[in-house]
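The numbers here are math on the coordinates, done by the rules we state, and not lab data. The structure displayed is predicted, hence computed values, not measured ones. Counting neighbours? That spans all protein chains shown, and the Cβs are built from the backbone with ideal geometry, glycine included.
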Amino acid sequence: MSQRREIKDRLFEQFARIGQAMSSSKRLELLDLLSQCEKDVETLASNSGMSVANTSRHLLILKAAGLVESRKEGVHNFYHLANQEVVELYCGLRELAERQLADVERIVDELYPGEERMEPVDRKQLIKLAKAGTVTVLDVRPEDEFRAAHLPHAISVPLPKLKNYLKELPKHRQVVAYCRGPYCLMASEAIKLLQSKGYKAIRLGEGIVEWQAAGLPLVHGS
């Protein structure tokens, strides 16, 4: 084997490190969670349904591939995505799977049966209606994710607090709820609660990642 052939093999081995790091469904879910904001290992473990030890192991693999970075604060280790290109890589992988794998649509049908499927929403029109007070946009993600970035004119009402917030929510105004994106269940649960209480409510099937990818504005801070 020629020296240049060996060099080329080593080069493609480096490319493969990224693919290997993303070859776990749980590591993809961690990337999805970190696309919202920086999180500590314990929170990531809770959100992903893994033990802290397993979560740490997966994060170290992602870190070794340069996909995430970490910092220590007291006894807690915090992780964040290395850069915006990681978000784009994850979204591109997800979109490719949606186009190429028939099983994805079948599983999504199981996740959102019938009436739970998201309704189309004109993004720019939604911003105008929310600004005018015609529509209430609810961000039902945790507050730290809202502070990191949220849709314009959205109100932060984390899902566990929604029931107590209903008395402040006008029933004559349409409600649009969103969470982490098309496969997050928090907005779906919020819509079920709102509709059961007589609100006209729909789920926005996009989160901040999709919103940003479309070139639309986001708001940072409370």
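Measuring nothing but how far apart in sequence close Cα pairs (under 8 Å, 6+ apart) lie, relative to its length, segment 157-214 scores a relative contact order of 38 percent.
Absence of a disulfide-compatible partner, taken as no other cysteine beta carbon within less than 4.7 angstrom, is noted in the chain for CYS37, CYS91. Our estimate of slack between LYS192 and HIS76, defined as 0.36 nm per intervening residue step minus the Cα-Cα distance, is 38.2 nm. Within the chain, no helix built from a complete DSSP H run reaches 27 Å or longer along its own axis (Cα positions) while carrying a mean Kyte-Doolittle hydropathy of 1.0 or higher. Placing +1 on the Cβ of every Lys and Arg and -1 on the Cβ of every Asp and Glu, with no other charges, gives the chain a dipole of roughly 380 debye about its Cα centre.
Using the Stokes-Einstein relation with a Kirkwood hydrodynamic radius computed over Cα pairs, the translational diffusion coefficient of segment 3-90 at 25 °C and a viscosity of 0.890 mPa s comes to 180 µm²/s.
For segment 167-209, rounded, prolate or oblate, judged on the Cα gyration tensor with a ≥ b ≥ c (square roots of eigenvalues), a/c < 1.5 rounded, else prolate if a/b > b/c? Prolate. Translational diffusion of the chain, estimated by Stokes-Einstein from the Kirkwood radius over alpha carbon pairs at 4 °C in a medium of 1.567 mPa s, is 68 µm² per second. Adding -39500 (n - 2.57) for every DSSP H run of four residues or longer, then dividing by how many residues the chain holds, sets the calculated 222 nm ellipticity at -15500 deg cm²/dmol. The amide H of VAL137, built 1.01 Å from its N in the peptide plane, has ILE155, VAL176 as neighbours under 5 Å, considering only residues 5 or more places off or on other chains.
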